[in-house]
Each structure stands twice: as C-alpha cells, then as structure tokens.
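Working notes, structure below.
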Amino acid sequence: MSLQIYLAGKLVPQEQAVVSVFDHGLLYGDGVFEGIRVYGGKVFLEDEHIIRLYESAKSIRLEIPITPAEMTQAVRDTVAANNITDGYVRLVVTRGAGTLGIDPARTSNPQVIIIADKISLYPQELYDNGMRLITASTIRNHSGALSPRIKSLNYLNNVLAKIEGTDAGTVEALMLNHKGEVAECTGDNIFIIKDGVLKTPPPEAGILEGLTRGAVMKLATEAGIEVRQTPLVRHDIFVADECFLTGTAAEVIAVVSLDGRIIGSGKPGPITADLLERFRKLTRS
Ligand code: PXG
C-alpha cells in the first residue's frame, strides 16, 4: 500500500514524494533526522524527539522552516493519515536544493520530510537468547570532526561499522571512540551491569544521547538501581555481569557476547529482563 508522506507542508502519496537531486542532504549528507516510535497511536517521547531534532539543526546552522509546534502537528497528522497505531516515524530535514558546491548559503528551501510506517524489529529469538556483538574497526565520529550528539544525515561510519557486524554475522557492532573507549553501537546505546551498578558511557565518550537510554536510566533509578555514566573500555564489557543495548527500535535487548567473550551467564540477565519489562510497561500503558 502506498504511504502518505509529509513533504513541503503537505501529505502526498509516496510516488510523488520526491526531492531535488541538487538537495544538499543528498549531495553532502547535509541535514538532520529523528527516528520515533508510535505506541498505541501515541508518539513516544514526542517533545524530546522534536527538541533533539531542533537542537541537531541548530548545531549545523540549519533553520527548520516550521515551528516545533507545527512539526509536532505534522508528525501526528502523518501518523493518523497512515493509520499507524504501532510503528515508526522518520523525520528528515535537509538543507535544500543548492549549487554543486558545499556552500549552504547557496541553498534554499530546507525540506521537511516525515515518513510514518510499520517498524521492522529484531527477531524475537534475539530477545529470548540475547545478541552477539563484535567491535568494529571503524570508530565513532571524533567529536572535533562531527559531534555524535548531532543526529545528522552523515551516518557513513556507522554504516561501515554495521557492515563489519553483518560480515561477522552480528546484527549490531560496537563502536569505540578515538581514545579506544566504548562509545555505542551503530544505532543503539550500550549499558553494562557490574556488581548491581548500571553503567553506560557519558556523552563525552562521543555518543548520541539516546532517548531510550535516558528513559532506561530513569526507570533504573526508580527501581533503586544505581546508575553511573562513566567511561568504559572493552574489558569492562568482557567482565560485566550483564550487558544490553537501548534504542528506539530495539527498546532493551541483551548482549551475551562481545568478540567471542561470553558475558556473564551467556544468557539475558535478570536486571536486563526487569528493565525491558519496565520499559514495555511504560510504553504500553
Ligand atoms: N546511537 C546512535 C548512533 C543512534 O543512531 C541511538 C544511539 C539510540 O537513540 P534513541 O534516541 O533511538 O534511543 C541511535 C538511534 C533505526 C535507526 O531505524 C535508529 C537510529 C539511527 C538509524 C536508524 O532504528 N538512531
């Protein structure tokens, strides 16, 4: 079935949802995006995603041509027009069409694109048994080059890391930062549990501050679990009691090995299972 896509202020059938080949989003990856879940017809963490989108845009000096309130309404309209009760929204803002030169001053009309669709999830087997990870040789962006806190259309190093994972037979891959510390996975944040304490790399490690990450840290605190944002290295993961990833699509998913080292019992751990259950209650209540 053809989707209704929000483009340039209107909902249009997907066949008509086209942008210019001169758009700098395509030519230079010059733009920002968001991925948002819809649960029971409601946009999850709606304000937080809209704020992150506008902050990403501000950081790259991209002026989004509509207000955050208009963006929120456009997201809701797109979700409704496609009868999405449980699904996924992709918001994209490009720099707009320009010349065959980098200069954004020579572009006009930033494009706002909203796609609301079904979501493709990891197989249930991975939730039941946990996933294996490998460490990619491709590192996360050096924040002096492009801040990982910006959800930009430049995801090429994450794409390359993802390919390394696929080649090794894993569905995700761990990315380190330029110092060799653990950053995050290609589209998910990472956590470990060691001696009852929940640990995850801080923003300074060069990560996207995932909204699922934030929600899970809050749920853990409410459950009486101590949460620490602290630099981690691969060794910390090898010797962790439990490990899991968080992300908009994944929610909370256990990791049971890294680079061939079995983590903890080799099965999804009890705290991971508890946090997944709490997250599902939060999103499905
Ligand atoms: N790190 C990176 C690099 C990401 O791109 C996350 C962490 C998790 O953030 P949230 O806010 O979703 O908890 C992301 C998420 C997808 C998809 O379709 C998701 C992301 C990027 C590309 C695709 O699942 N971003």
Could you grab me the full set of residues in segment 151-189 that are of a type in the set (A, V, I, L, M), without any contact (Cβ under 8 Å) to a residue 60 or more places away in the chain and under 11 Å from Thr138 (Cα atoms)? Val159, Leu160, Ala161, Ile163, Ala173, Met175, Leu176
Single residue of Phe238, Phe279 found to be over 28 Å from Ser137 (Cβ atoms), of a type outside the set (Lys, Arg) and either over 20 Å from the mean Cα position of the chain (by Cα) or surrounded by 15 or more Cβ atoms within 10 Å (Cβ to Cβ) (or both): Phe279
Does any residue of segment 4-19 turn out to be among the aromatic types (Phe, Trp, Tyr), in contact (Cβ under 8 Å) with a residue 40 or more places away in the chain and more than 15 Å from Ile113 (Cβ to Cβ)? no
Among the residues in segment 67-77, are any among the aliphatic types (A, V, I, L, M) and either in a loop (DSSP other than H, G, I, E, B) or under 30 Å from Ala273 (Cα atoms) (or both)? no
Working only within segment 200-248, note down all residues that are within 16 Å of the ligand (Cβ to nearest atom), under 20 Å from Asn157 (Cα atoms) and either in contact with a Gly (Cβ under 9 Å, 6 or more places away or on another chain) or aliphatic (A, V, I, L, M) (or both). Ala205, Ile207, Leu208, Gly210, Leu245, Thr246, Gly247, Thr248
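Laboratory data are not the source of any read-out in this text; all were calculated from the coordinates shown. Every value quoted in this text rests on a predicted model; they were computed, and no experiment measured them. For neighbour counting, all protein chains shown are included, and Cβ atoms are generated from backbone atoms with ideal geometry for every residue, glycine included.
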